[in-house]
Every structure is written in C-alpha cells, then in structure tokens.
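Working notes for the structure below.
The values are calculated or read from the model by the stated rules, or taken from the named source; none is laboratory data. As the structure is a computational prediction, the values presented were derived from the model and not from experiment. Don't worry about glycine lacking a Cβ; one is built from the backbone with ideal geometry, like all the others, and counts go over all protein chains shown.
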Amino acid sequence: MNIAPFELERLFAQHEFRARFLLSASDCESLSLADLLALADADSRMRWERLSLGYTESQGDPVLRAAIAANYEQIGPDEVVVLVPEEGIFLAMHTLLEPGQHVIAMHPAYQSLHEVARALGCAVSQWPVTVSSGRTGWQLDPGLLEDLIQPATRLLVVNFPHNPTGFVPALELFEAILDTAGRHGLVVFSDEMYRGLEHDPAIRLPSVVDAYERGITLSGLSKTHAVPGLRLGWLATRLPAFVDRLVAHKDYTTICNSAASEALGLMAVRATRRIEDRNLALIQANLGRAQAFARQYADHVHWLAPQGGSIAFPAWVGPGSVDEFSRRALDQRGVLIVPARFFGHAGPHFRLGLGRANFPKALGQVEALLQQS
Ligand SMILES: Cc1ncc(COP(=O)(O)O)c(C=O)c1O
C-alpha cells in the first residue's frame with residue numbers, strides 16, 4: 001500500500017513527550033485511573049475487579065456495545081463495532097471502497113480521513129472549510145458539495161465538530177448536506193470524535209448514524225471522554241452487512257480489543273455526561289484566555305471562533321511565516337505549536353488545543369516570546 005506519512009502523527013511522535021508544553025494537543029486533560037474509577041458505577045467496578053485478561057469478542061464486549069448504543073436513537077448493540085478510533089477509519093475505508101471510486105472529504109482534515117482512500121486507489125476531492133465572509137469563523141459551501149459529486153462518487157467524509165477549525169454547521173446546513181448525499185446515494189462517513197464538546201450544547205447536531213440511513217459514525221473515548229490511552233472507539237452503522245464485513249477485516253489489524261481497555265471504557269461511556277461537563281468547563285476557561293490573548297496580540301494572531309471541540313485554528317498575522325513562529329516557539333520556549341501545513345492547509349493558521357490544564361502556562365510562554373520579539 002502506497003500510503004503517505006501521517007505528517008501530524010510523525011510530528012507528535014517526535015515532540016509529544018519531549019516538548020515542555022503542547023499548545024496544539026487535540027485531546028482534553030487525561031483522566032487518571034483513579035479519576036475514572038471514582039466515576040465508575042458499581043457494576044462496571046465489579047466487572048473490572050473480576051476481569052479475565054483473555055482474548056475478547058472481535059466486535060467488542062456486548063455490555064460495552066449496549067452502553068454505547070444507548071447513546072444513539074437508531075442503533076442497537078449489534079450495529080456497533082468497538083475498535084481503536086484510527087483503526088476505525090482504516091477499516092471502514094478498506095471495507096467500503098474499491099479502486100477507481102471517488103470520495104469527497106472535508107479539508108483541511110485529520111490526514112487519515114482522506115489519505116487512506118487515496119492510498120486505496122480512489123480519487124479524492126477536497127471540500128474546503130473556509131474562513132467565513134465576516135472573517136470571524138468558518139464556513140462550508142453546500143453548493144460546492146453538489147458540484148463535486150461525480151457518477152463514481154461513493155463516499156462523503158465529514159467531521160463535526162471539525163478538526164482543526166472547531167467548525168460546527170447549523171442544523172439546516174447539516175440537513176442540506178445529508179439531503180444532497182441522499183439524492184446521490186452516497187455513504188456518509190462521519191467522524192464524531194469531538195461530538196459532545198460543542199461550546200453551546202444547543203448546537204449539538206444529531207449523530208449522522210441516527211439522521212441518515214447510509215451513515216457510518218466514528219466516535220470514541222480519546223477526546224470527549226479524556227481517556228485516549230485506552231485506545232478505544234467505535235463505528236456505528238445501519239448499513240446492512242457492513243458490520244460483518246468490517247469485523248472480517250479487523251482480523252488483520254487487532255482481531256479484538258484489550259480486555260482492560262474495554263472494562264475501563266465501560267466506566268467512561270457510562271459516565272459520558274459527567275466527563276463531557278468536566279472537559280467543557282476546561283475548554284470554556286481556556287477559550288476565554290485564548291480570545292483575550294488574541295485581542296491583546298491582534299497584530300500577531302487573528303482569532304477565528306470555533307464552535308465545538310477542544311481545538312481552534314487561528315491565523316498567524318505577525319512578522320514572518322507561521323512555520324517560523326512555530327519553530328521559534330519550540331526552540332526558544334519549548335512550546336509545540338502545529339502549523340497549518342500538517343493538516344494539508346496552505347494558509348497561515350496554527351492549531352490551538354484548548355483542553356489541557358497547563359494551557360495558561362503554555363500561552364504565557366508564547367506571550368513571553370511575542371514580547372521579546
Ligand atoms: C478527527 C479525528 N479523528 C480520528 C482521530 C483518531 O483518534 P485516536 O488517536 O484516538 O485513534 C483523531 C485524533 O486526533 C481525530 O482528531
């Protein structure tokens with residue numbers, strides 16, 4: 001398979017555990033094992049204590065699948081496959097796509113959302129998220145989606161709340177997207193890794209898997225639940241036979257999930273609301289700090305408001321390029337800031353991670369950098 005290096009993951013592999021501060025991390029401050037156990041209900045604690053460390057069911061623990069399915073309207077436990085989130089993208093694309101088919105994917109994006117399809121021999125068209133006309137946030141043009149559709153188009157890939165911009169479409173736009181997909185018989189792969197972290201809960205969209213019969217939803221515990229080290233997520237779909245075909249592909253990746261992760265994951269899924277509230281409080285506080293920072297340093301940073309998730313994608317408008325700014329932040333202040341090109345974007349943006357507890361300290365380092373230059 002001729003697959004391109006995953007630029008963002010290679011960058012993190014180099015710096016994530018070496019840089020003093022991560023100002024572009026997409027996850028929220030991780031829970032400790034003690035935090036998670038303190039959130040657990042009696043039943044999942046009992047399961048944890050009695051856990052056998054054997055192989056597990058390939059599709060995922062039925063009790064965990066039932067807990068996941070309970071968070072959807074149209075999905076039952078048999079329509080859920082538990083897996084590593086990134087594995088979910090890889091396996092879904094392998095299960096769905098044939099060489100020569102056409103895929104439309106939002107852009108910029110978490111690279112695997114388009115690169116796996118390209119490496120499988122599909123043509124991929126970018127559907128761009130662009131700076132809104134008022135230059136205060138982001139937008140997506142539904143007319144352009146219609147124009148991008150070809151006879152060979154099989155799949156539309158969306159990601160709301162969007163990584164890296166934090167864009168969440170209004171309900172009318174979301175419905176228009178699904179209406180377009182429906183009229184052209186497209187499968188919609190919806191990456192919902194940040195769903196539940198909308199800054200205003202009123203704008204939370206329905207899950208695609210509930211709203212659209214030919215939808216596949218990817219979700220997981222890495223962002224909204226603050227336990228990325230469990231390496232656990234899921235695909236949910238009502239597409240006939242898709243689950244069986246995907247599980248057959250899974251025999252070539254992980255076969256089944258870690259028993260310990262599934263038992264701990266059950267605690268996290270059952271505590272969804274409480275963990276979301278904890279993460280949102282962190283994000284809201286850091287969002288306020290980021291906005292104040294952008295106001296104070298308006299000659300360096302142009303703020304573009306995110307509406308959901310633990311990330312923002314402001315523009316660097318200071319002297320030099322965003323790459324130079326990012327290099328100086330790392331070299332002089334030990335702060336990792338990821339510039340736009342790691343999301344395949346040519347603009348002067350950088351990703352800001354809003355979910356970490358040491359965000360104020362990391363921002364303080366950037367402030368010192370800007371004051372010294
Ligand atoms: C949009 C999106 N999808 C999928 C993933 C993959 O999640 P994981 O790293 O937990 O496998 C990420 C991780 O950053 C992401 O941002």
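Can you find a residue in segment 158-167 that is part of a loop (DSSP other than H, G, I, E, B), within 12 Å of the ligand (Cβ to nearest atom) and at positive phi?
Looking for residues that are part of a loop (DSSP other than H, G, I, E, B), within 12 Å of the ligand (Cβ to nearest atom) and at positive phi, one finds at least one in segment 158-167, hence yes.
Pairs, please: C-beta under 6 Å, at least 6 apart or cross-chain, first residue in the same structural domain as residue 85 (by TED's automatic domain parsing) and β-branched (Val, Ile, Thr) and in segment 100-122, second assigned to a strand (DSSP E or B) and away from the ligand (no atom under 12 Å from the Cβ)?
Close Cβ pairs (under 6 Å, with a partner that is assigned to a strand (DSSP E or B) and away from the ligand (no atom under 12 Å from the Cβ)) amount to 103/124; 103/155; 104/125; 104/127; 104/156.
Might you let me know whether segment 249-261 holds any residue that is assigned by TED's automatic domain parsing to the domain that holds residue 191 and closer than 23 Å to residue 74 by Cα?
No, the conditions are met nowhere in segment 249-261.
How many residues are within 16 Å of the ligand (Cβ to nearest atom) and part of a loop (DSSP other than H, G, I, E, B) if we restrict to segment 170-201?
6
Just for strands (runs of 3 or more DSSP E) wholly inside segment 99-150: which have at least 1 residues that are among the hydrophobic types (A, V, I, L, M, F, W, C) and away from the ligand (no atom under 16 Å from the Cβ)?
Result: 102-107, 123-131.
Evaluate segment 202-219: report whether one residue or more is in a loop (DSSP other than H, G, I, E, B) and within 14 Å of the ligand (Cβ to nearest atom).
Taking every residue of segment 202-219 in turn, none turns out to be in a loop (DSSP other than H, G, I, E, B) and within 14 Å of the ligand (Cβ to nearest atom).
For residue 90, only one of the following conditions fails: (1) within 16 Å of the ligand (Cβ to nearest atom); (2) in contact with a strand residue (DSSP E or B) (Cβ under 8 Å, 6 or more places away or on another chain); (3) closer than 16 Å to residue 237 by Cα. What is its number?
For residue 90, the exception is condition (2).
Kindly check whether there is at least one residue in segment 74-82 that is within 16 Å of the ligand (Cβ to nearest atom) and surrounded by 16 or more Cβ atoms within 10 Å (Cβ to Cβ).
yes
Matching residues to (1) surrounded by fewer than 23 Cβ atoms within 10 Å (Cβ to Cβ); (2) within 23 Å of residue 242 (Cβ to Cβ); (3) without any contact (Cβ under 8 Å) to a residue 12 or more places away in the chain:
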{"residue": "155", "(1), (2), (3)": "no, yes, no"}
{"residue": "163", "(1), (2), (3)": "no, no, no"}
{"residue": "167", "(1), (2), (3)": "no, no, no"}
{"residue": "172", "(1), (2), (3)": "yes, no, yes"}
{"residue": "179", "(1), (2), (3)": "yes, yes, yes"}
{"residue": "189", "(1), (2), (3)": "no, yes, no"}
{"residue": "203", "(1), (2), (3)": "yes, no, no"}
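Can you work out which of the residues in segment 305-333 that are touching a helix residue (DSSP H, G or I) at 6+ places or on another chain (Cβ under 8 Å) and among the aromatic types (Phe, Trp, Tyr) is farthest from residue 196 (Cα to Cα)?
Filtering first and then ranking leaves 316.
When both residues are 6+ apart or on different chains and their Cβ atoms are under 6 Å apart, which pairs have a first residue that lies in segment 26-39 and is over 22 Å from residue 165 (Cβ atoms), and a second that is within 15 Å of the ligand (Cβ to nearest atom) and among the β-branched types (Val, Ile, Thr)?
Note: pairs meeting the criteria are 31/227.
Can you pull out every residue in segment 36-89 that is within 17 Å of residue 242 (Cα to Cα), hydrophobic (A, V, I, L, M, F, W, C) and touching a Lys or Arg at 6+ places or on another chain (Cβ under 9 Å)?
Selection gives 75, 80, 81, 82, 83.
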